[in-house]
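*Asks:* Supplied in structure tokens, the structure appears directly below.
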Amino acid sequence: MLQSPRAWYQLWCTICTSFGLQKLVTDGCVHVKYVNNKKTKQQQPKINLNDLARHLTPLSVQDRIYPDCPHDTAILILFLQTGTIPEISWIVSVLARYMTKAGEPHMAAAKKVLRYLQSRKKVPLQWCAIDNALPGIIHGYADASFADIPDTLLSSIGYVFLVNGGAISWRSTKTPLQVLNAAEAEFVSLSSAAQECLFLRKLCIEMGFHQHRPTIIYENREVAVALSKETRFRKRSKHIALRWHFIAERQDPKVGDLKVIHRRRTKMLADIFASPRAAPTFIAFRDHILGHKSAFVADDDE
């Protein structure tokens, strides 16, 4: 029945309302209830991974995944990436592209993800108050890897947004169009992150966390930072579609929603959402994204 999803959604809303939950205007699938001095704990599903060896990263830097493998099979795409394990977003995004034509290299990569999950079972995603910072303030990171997809030469892009020291939204995907250089790939990643940022700002404001200043998005390529602030016609950027230039308008002082700031690659947390990294860098970035203290990434702005 075509109306079945709508009927289930209406039933779900009725049940939530009966428990005193209120539906948000920003996201109709989110229902909230403000309770003082009470915490709710969600029981996580148990997965038996005791038979698997441990692995420090989901995929090593030396590993490569190529298309056109000889036989068809299905790859297990872990639902944990969506809600609780952001650092496996890049490898899950790569494996998902070969769901209908998976081969032995893809199955081997999926097993490495399972081994990695076995090694990080006791590393939770957490949020806590930060000294000298207002609660509920959003900041994000955006990054890209130019022409790293071998079969199409598209670029991988990714972003992550944090609140109170922990990640609340993240994504790893490929560019929807062909870009000519690394700066353009970073610019597309910034524009995609800006769209998510505007939604998160509205969501946080509706939940009572007012954003008192423009939301900062960190970018590690200075050319992309300059391009994101450019509103004039330029010879070298005239071929870029207008839809990607809206980020410059959002940074205008008259609007004041966003602010793109340069940050070195050694502190670019979104790097693991666009490409594989060595274990020390990966673990340091992961711990920071999950809300744990990391000496590798400083908290100062640049």
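The values are calculated or read from the model by the stated rules, or taken from the named source; none is laboratory data. Since the model is a prediction, treat every value here as computed from it, not as a measurement. As a convention, Cβ positions derive from the backbone with ideal geometry for all residues, glycine included, and neighbour counts pool all protein chains shown.
*Asks:* Is it the case that some residue within segment 81-101 is among the hydroxyl-bearing types (Ser, Thr, Tyr), closer than 17 Å to HIS292 by Cα and not in a loop (DSSP other than H, G, I, E, B)? Show your work before the answer.
*Replies:* So in segment 81-101, the residues among the hydroxyl-bearing types (Ser, Thr, Tyr) come out as 82, 84, 89, 93, 98, 100.
Pick out the ones that are also closer than 17 Å to HIS292 by Cα and you get 84.
From what's left, not in a loop (DSSP other than H, G, I, E, B): none.
The answer is no; no qualifying residue exists.
*Asks:* Moving on to the next point. Yes or no: VAL123 part of a loop (DSSP other than H, G, I, E, B), in contact with a helix residue (DSSP H, G or I) (Cβ under 8 Å, 6 or more places away or on another chain) and under 30 Å from ARG221 (Cβ atoms)?
*Replies:* Values: part of a loop (DSSP other than H, G, I, E, B): yes; in contact with a helix residue (DSSP H, G or I) (Cβ under 8 Å, 6 or more places away or on another chain): yes; under 30 Å from ARG221 (Cβ atoms): yes.
Spelling it out, VAL123 is indeed part of a loop (DSSP other than H, G, I, E, B), in contact with a helix residue (DSSP H, G or I) (Cβ under 8 Å, 6 or more places away or on another chain) and under 30 Å from ARG221 (Cβ atoms).
*Asks:* Looking at ILE168, is it assigned by TED's automatic domain parsing to the domain that holds SER275 and either under 18 Å from THR266 (Cα atoms) or under 16 Å from the mean Cα position of the chain (by Cα) (or both)?
*Replies:* So ILE168 passes the test.
*Asks:* Related question: Within segment 136-155, does at least one residue satisfy the condition of being assigned to a loop (DSSP other than H, G, I, E, B) and under 18 Å from ILE217 (Cα atoms)?
*Replies:* Here is the first cut: in segment 136-155, the ones assigned to a loop (DSSP other than H, G, I, E, B) are 136-137, 146-155.
Among the residues that remain, those that are also under 18 Å from ILE217 (Cα atoms) are: 136-137.
Looking through segment 136-155, at least one residue is assigned to a loop (DSSP other than H, G, I, E, B) and under 18 Å from ILE217 (Cα atoms).
*Asks:* Give the residue, chosen from VAL297, VAL260, that is among the β-branched types (Val, Ile, Thr) and modelled with pLDDT of 85 or more.
*Replies:* Details: VAL297 fails: modelled with pLDDT of 85 or more.
Step by step, each of VAL297, VAL260 is checked, and only VAL260 is among the β-branched types (Val, Ile, Thr) and modelled with pLDDT of 85 or more.
*Asks:* Return the residues of segment 160-184 that are part of a strand (DSSP E or B) and either of a type in the set (A, V, I, L, M, F, W, C) or farther than 13 Å from ILE138 by Cα (or both); say none if nothing qualifies. Even if it seems obvious, please write down each step before you answer.
*Replies:* Filtering segment 160-184 down to residues part of a strand (DSSP E or B) leaves 160-163, 166-174.
Passing the criteria: VAL160, PHE161, LEU162, VAL163, ALA167, ILE168, TRP170, ARG171, SER172, THR173, LYS174.
*Asks:* Quick one: GLU184 ticks every box in (1) assigned by TED's automatic domain parsing to the domain that holds PHE285; (2) of a type outside the set (Phe, Trp, Tyr); (3) within 26 Å of VAL30 (Cα to Cα) except a single one, so which number is it?
*Replies:* So GLU184 meets the others, but not (3).
*Asks:* Next up: Those residues that are among the aliphatic types (A, V, I, L, M) and in contact with an Asp or Glu (Cβ under 8 Å, 6 or more places away or on another chain), I need them from segment 92-106; list them, please. Before you say what the answer is, go through the steps one by one.
*Replies:* Start the filter on segment 92-106 by keeping residues that are among the aliphatic types (A, V, I, L, M), which leaves 92, 94-96, 99, 102.
Once the filter is applied, which keeps residues that are among the aliphatic types (A, V, I, L, M) and in contact with an Asp or Glu (Cβ under 8 Å, 6 or more places away or on another chain), segment 92-106 yields only ALA102.
*Asks:* Which of (1) modelled with pLDDT under 85; (2) closer than 18 Å to TRP170 by Cβ does VAL94 not meet, given it meets every other one?
*Replies:* Of (1) modelled with pLDDT under 85; (2) closer than 18 Å to TRP170 by Cβ, only one is false for VAL94: (1).
*Asks:* Here is a follow-up. For residues in segment 238-253 being assigned to a loop (DSSP other than H, G, I, E, B) and buried (at least 16 other Cβ atoms within 10 Å of the Cβ), which is modelled with the lowest pLDDT? Break it down stepwise before answering.
*Replies:* Taking segment 238-253 as the starting set, the residues that turn out to be assigned to a loop (DSSP other than H, G, I, E, B) are 238-241, 251-253.
Keeping just the survivors that are buried (at least 16 other Cβ atoms within 10 Å of the Cβ) gives 240, 251.
Values: ILE240: 72, GLN251: 90.
Looking at residues that are assigned to a loop (DSSP other than H, G, I, E, B) and buried (at least 16 other Cβ atoms within 10 Å of the Cβ), I get ILE240.
*Asks:* Hey, can you tell me all the residues within segment 5-28 that are within 19 Å of PHE209 (Cβ to Cβ) and touching a strand residue (DSSP E or B) at 6+ places or on another chain (Cβ under 9 Å)?
*Replies:* LEU21, GLN22, LYS23, LEU24
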